[in-house]
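A quick write-up on the structure given underneath.
Here, each number is a calculation from the coordinates, and none is a lab measurement. Worth saying up front: this structure is predicted, and the values here are computed from it rather than measured. Methodologically, a virtual Cβ is constructed for each residue, glycine included, from the backbone with ideal geometry; neighbour enumeration extends over all protein chains shown.
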Amino acid sequence: MTDGPLSLPARLCLLAWDSARPTAAGTGRLADLVRAGALTELAQRGLLTDEDGIATPLDLDARAGDAVLDGLLELVHESCPHHWRTWVTLRARVTLDAVREQLVVGGYLRAEKKRVLGVFPSVDHALERVTAVDALREETLRLLQGPPPVAELSERDAALVALAVAANLLPEKDVRAHEQRVEELSERAGAGAPGLWKIVREVRGAVAAESTAPARA
């Protein structure tokens, strides 16, 4: 997969960008999508597990080695217990800000300082590596359309497509033409461990619900 070292939430953040208009992307739903990607990757790595529907750190000392993922692990550990769907939206902007900072350091985004109402300092982000995002989108469409058999794809690549479809990031005509493959990709994303499929289903369902809800700032 193109830009394989990037985490799942980072790739989803870039995939949500419109490379034809590489100015600042919105937050609301994007934050939920990025958080969903982080939850999914932590679950796929075995660092978050499901206990009666509650997202639970497996080992309080375990780390992912990624600042974004480790930040979310710490947040889950320090917070009251919550269901997976709650974590998709709860303080999701924290994860989005961390991913954007990571992508700025990696040269994918450019941070542009501004002042709101001419007074309050703020930061916008612009797409810096347009060709990388275009390549990521082309590769994601290839994974959706085939021909690679779903069983040969990594769980993380399968999750990328499943969450992108749930967030309406891919062309509707392509999604309709490959509905069965989308379901197979969703299953593949949760195939790595007992209970993982349930987690992926919950997170993906939350993203789909948020994508049809009124937009948030």
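Annotations
- From phi via Karplus (6.51, -1.76, 1.60), per-residue ³J(HN,Hα) for region 48-60 in Hz, x at Gly/Pro: 10, 10, 9, 10, 6, x, 9, 6, 10, x, 6, 9, 5
- For region 151-161, Karplus couplings with θ = phi - 60° (6.51, -1.76, 1.60), whole Hz, Gly/Pro x: 5, 8, 7, 6, 4, 5, 5, 4, 5, 4, 5
- Computing FRET efficiency as 1/(1 + (r/R0)^6) for residue 208 and residue 154, where r is the C-beta to C-beta distance and R0 is 22 Å, gives about 0.50.
- Segment residue 94-residue 51, extension gain: residue separation times 0.36 nm, minus the distance between their alpha carbons: 13.1 nm
- Here the alpha carbons of region 60-106 define both size measures, Rg and Dmax, at 11.3, 33 Å.
- The stretch between residue 131 and residue 60, if pulled fully straight at 0.36 nm per residue, gains 21.7 nm over its current Cα-Cα span.
- Using θ = phi - 60° in the Karplus curve 6.51 cos²θ - 1.76 cosθ + 1.60, the 3J(HN,Hα) couplings for region 84-95 round to 4, 4, 5, 5, 4, 10, 5, 6, 5, 4, 4, 5 Hz; x is entered for Gly and Pro.
- Shape metrics for the chain, restricted to C-alpha atoms - Rg then Dmax, Å: 16.7, 54
- Inter-centroid distance (Cα atoms) of region 134-212 relative to region 50-65, Å: 23 Å
- If the segment from residue 78 to residue 104 were pulled out straight at 0.36 nm per residue, it would be longer than the present Cα-Cα gap by 6.6 nm.
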